[in-house]
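Step one of this worksheet: look at the structure below.
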Amino acid sequence: MSPTNPNGPARPVTKAVIPAAGLGTRFLPATKATPKEMLPVVDKPAIQYVVEEAVAAGLDDILMITGRGKRALEDHFDRNYELEETLSAKGDDTKLSLVQEATDLATVHYVRQGEPKGLGHAVLCAAQHVGDDPFAVLLGDDLIDVRDPLLARMVEVQQQRGGSVIALIEVQPSQIQLYGCAAVETTDEADVVRVTDMIEKPKSDAPSNLAMIGRYVIAPQVFDVLRHTKPGAGGEIQLTDALRVLAGRDDDGGPVHGVLFRGRRYDTGDRLDYLKAVIRLAAEREDLGPELLPWLREFLGQRRS
Ligand code: G1P
């Protein structure tokens, strides 16, 4: 039997919000004049993977929350006539289609955050664009492998059960302080839990080892909650704190369910994980893997001796 939605027939999810206003201090000096979202993962900027993921889940109305120094993001998803004309005059159709790919993916809108007051504040900047429908939020530091479609499952769970949906992974207890953490109860579906409590970056009071990762499908009632959310962890307005309020409700934006994710995820916000992501994805590519893998083996062999 499929689960019931307490809020009646679901309104469809068509919009995705991508906060991209962060300063990217972990990648300085590379990010001094370049947005961290533009750092290449193999040969594509990290942000393009995220937009592709939203589109693959059926969401092609994208709102990016940007800020100062993020012009390159707009340029990337815009046409570049000069480059396109040069490539087409040369007859280089392969490169031409790579250049056009980002433009043709989705309709991308932009709003600027102004002040960096936290993820909750960034999401609140989307209120006018989003309106009254549930919407997705994708954080650019988390890349989810296309072969493990998490967001589509989250949209499905939201449509079936209403309210809001977060994504959870199991982490080592020592790592939970880096994430938002959820207390949960099981449901009749193995990959879905009901969230009973949430805490952002817990110190010694983590209720579980279930960490929130950067994918959300959220009811629009969150905006009213965010307007009244006081700064929390790190002195910032936290999305987790607003979702916690929704988790305590049976309707009106709640309840909150979690989808347990066991697929491949790459954290490109961390330098070491970023390197791992580039190597893993390059190793799997047909045009790079066959030469990269033997080189890697040889390199590692030399390191051991
Ligand atoms: C944000 C969220 C946190 C979540 C994390 C996932 O934190 O606030 O709840 O666990 O993303 O990547 P940040 O990493 O931006 O500090």
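Among residues of segment 134-147 being modelled with pLDDT under 95 and open to solvent by 30 Å² or more (accessible area, probe 1.4 Å), the one that is nearest to the ligand (Cβ to nearest atom) is 141. If you go through segment 49-101 and keep only what is of a type in the set (Lys, Arg) and touching an Asp or Glu at 6+ places or on another chain (Cβ under 9 Å), you end up with just 70. Among residues of segment 184-209 being within 14 Å of the ligand (Cβ to nearest atom) and closer than 28 Å to residue 12 by Cβ, the one that is surrounded by the most Cβ atoms within 10 Å (Cβ to Cβ) is 198. Restricting the search to segment 102-125, which residues are within 16 Å of the ligand (Cβ to nearest atom), open to solvent by less than 70 Å² (accessible area, probe 1.4 Å) and in a loop (DSSP other than H, G, I, E, B)? Answer for segment 102-125, where residues must be within 16 Å of the ligand (Cβ to nearest atom), open to solvent by less than 70 Å² (accessible area, probe 1.4 Å) and in a loop (DSSP other than H, G, I, E, B): 113, 118, 125.
Residue 241 fulfils the conditions (1) more than 25 Å from residue 44 (Cβ to Cβ); (2) assigned to a helix (DSSP H, G or I); (3) open to solvent by less than 30 Å² (accessible area, probe 1.4 Å) except for a single criterion, (3).
Residue 181 is checked against (1) surrounded by 24 or more Cβ atoms within 10 Å (Cβ to Cβ); (2) out of contact with any Lys or Arg (no Cβ under 9 Å at 6 or more places or on another chain) and fails just one. What number does that condition carry? In the conditions (1) surrounded by 24 or more Cβ atoms within 10 Å (Cβ to Cβ); (2) out of contact with any Lys or Arg (no Cβ under 9 Å at 6 or more places or on another chain), residue 181 misses (2) alone. All conditions but one from (1) surrounded by 15 or more Cβ atoms within 10 Å (Cβ to Cβ); (2) without any contact (Cβ under 8 Å) to a residue 40 or more places away in the chain apply to residue 275; the one that does not is (1). Pairing residues of segment 167-189 that are in contact (Cβ under 8 Å) with a residue 12 or more places away in the chain and under 20 Å from residue 153 (Cα atoms) with residues that are open to solvent by 20 Å² or more (accessible area, probe 1.4 Å) and more than 15 Å from the ligand (Cβ to nearest atom), at Cβ distances under 6 Å and at least 6 apart in sequence or on separate chains, gives 187/194.
The values are calculated or read from the model by the stated rules, or taken from the named source; none is laboratory data. These numbers were taken from a predicted model, which means no experiment stands behind them. Quick reminder, even Gly has a Cβ in these numbers, built from the backbone with ideal geometry, and neighbours come from all protein chains shown. What goes into the accessible areas is simple: the full protein's heavy atoms, side chains included, and nothing from ligands, DNA or RNA. Shrake-Rupley method; radii C 1.70, N 1.55, O 1.52, S 1.80 Å.
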